[in-house]
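Trainee: Handing you this structure, nothing more for now.
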Amino acid sequence: MTSLNEEPFETSCTNPGRDDDWTCPGCYHDLGDVGEGRHACPECGRDIDCAIDTQPVCVARLADHEEDAA
């Protein structure tokens, strides 16, 4: 299991063209068809918010990360 003290690989990642397959942005573990909502990654333990975007595209974002304002 990855330590939460380690920096995540990314804070968000997408699976374009998919509406049934999410990937943890923190460690790139395949979450599979977990569905929308908040889930804990079984590999690194980070909380992940999963949603389907309008393409459709599966989007997973780290729950505790605030994106920088542009």
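The values are calculated or read from the model by the stated rules, or taken from the named source; none is laboratory data. Owing to the predicted nature of the structure, the values given are computational and were not obtained by experimental measurement. Note that we place each Cβ from the backbone using ideal geometry, even for glycine, and neighbour counts take in every protein chain shown. Protein only, heavy atoms only, side chains kept; ligands, DNA and RNA dropped before computing areas. Shrake-Rupley method; radii C 1.70, N 1.55, O 1.52, S 1.80 Å.
Trainee: For the stretch 47-68, give me the residue count where each residue is touching a residue at least 12 places away in the same chain (Cβ under 8 Å), in a loop (DSSP other than H, G, I, E, B) and either over 9 Å from the mean Cα position of the chain (by Cα) or within 20 Å of P16 (Cα to Cα) (or both). Working first, answer last.
Mentor: If we filter the stretch 47-68 for residues that are touching a residue at least 12 places away in the same chain (Cβ under 8 Å), which is where we start, we get 47-53, 55-65, 67.
Checking the rest, the ones that are also in a loop (DSSP other than H, G, I, E, B) come to 55-56, 63-65, 67.
The next check asks that each one be either over 9 Å from the mean Cα position of the chain (by Cα) or within 20 Å of P16 (Cα to Cα) (or both); those that pass are 55-56, 64-65, 67.
Looking only at that region, the number is 5.
Trainee: For C13, state whether it is in contact with a strand residue (DSSP E or B) (Cβ under 7 Å, 6 or more places away or on another chain), modelled with pLDDT of 90 or more and open to solvent by less than 50 Å² (accessible area, probe 1.4 Å).
Mentor: So C13 passes the test.
Trainee: Turning to a different aspect of this structure: So C27 fits all but one of (1) touching a Lys or Arg at 6+ places or on another chain (Cβ under 8 Å); (2) at pLDDT below 95; (3) in a loop (DSSP other than H, G, I, E, B); what number is the exception?
Mentor: Failed condition: (2).
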